[in-house]
Amino acid sequence: MPVEQADAAIDAAVTSMKQLGFVNDTEYAEAFARGRFNRLAWGPARLRMELKKRGLSSRDTNAAMENIYKSSSATEDGFSNSDDIGDFEEHDPSNHVGFSKEAWLTLTAQASRVWSRGSDVPIEKRKQRLVGWLQRRGYTWEQTWKVVNFLQRET
């Protein structure tokens, strides 16, 4: 079979599978990103990079980010620039960088484990470790410092 015919057959098979609902890149992108966020605390930059590496479109990636972070007015990095993030009575909404309450609590719970590991080291060293941990996971400086300051105030 010539290469052109093989490519056409592959395209036809993929199209058929999509029509039957067996292939859904948006659902895959969301499931992958949600799993990495919930288990490994990956941030938007790292998630976007990994989804792009896996060949997913920007549209599918953006849909996944919106569903994970649930910002009503999300920007390209998956976060809202507004303070409308839901009902956060116990904290100042500006601390949450557009996270939904669920996403913020998930991230701060995971980050607090990293923060508490260094209870016997100086505060600056603890901050340095947490900043590195968050940066390696794909959070912006603004997001990183909001989490660091939140955890520092909580202890």
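The values are calculated or read from the model by the stated rules, or taken from the named source; none is laboratory data. Computed from a predicted structure; not experimentally measured. Ideal geometry is used to build each Cβ from the backbone, glycine not excepted, and the neighbour counts take in all protein chains shown. These accessible areas exclude ligands, DNA and RNA; they are computed on the full protein's heavy atoms, side chains included. Shrake-Rupley method; radii C 1.70, N 1.55, O 1.52, S 1.80 Å.
How far apart, in nm, are two points set 7 Å out from the Cα along the Cα-to-Cβ line at Ala45 and at Val131?
1.4 nm
Express in nm, to one decimal, how much length is gained between Ser57 and Arg113 on full extension, taking 0.36 nm for each residue of separation and deducting their alpha carbon distance.
Taking Ser57 through Arg113 to full extension adds about 16.8 nm, to one decimal.
Cut-off under 23 Å on the C-alpha distance; same-chain residues fewer than 8 positions from Lys127 excluded. Which lysines are left, in chain and number order?
Straight-distance partners of Lys127: Lys146.
Leaving out ligands and nucleic acids, note down the accessible area per residue over segment 4-59 with a 1.4 angstrom probe, in whole Å².
Ligands and nucleic acids excluded, the figure is 67 Å² per residue.
Using a 7 Å offset from the Cα along the Cα-to-Cβ direction at both Thr155 and Glu4, what is the distance between the two label points in nm, to one decimal?
6.6 nm
Ignoring ligands, DNA and RNA, what percent of the 1.4 Å accessible area of segment 93-155 is carbon and sulfur?
After summing per-atom areas, the C and S share lands at 51 percent.
Where does segment 1-65 land on Rg(C-alpha)/(2.2 N^0.38 Å)?
Numbers: Rg = 14.7 Å, N = 65, 2.2 N^0.38 = 10.7 Å.
Relative to the 2.2 N^0.38 Å estimate, segment 1-65 comes out at 1.37.
Order these peptides, 48-54, 122-128, 62-68, by their mean beta-carbon neighbour count within 10 angstrom, highest first.
Highest-to-lowest ranking by the protection proxy: 62-68, 48-54, 122-128.
Please give every one of the lysines within straight-line cross-link reach of Lys52, meaning a C-alpha to C-alpha distance under 21 Å, and leave out same-chain neighbours fewer than 8 residues apart.
Lys18, Lys70
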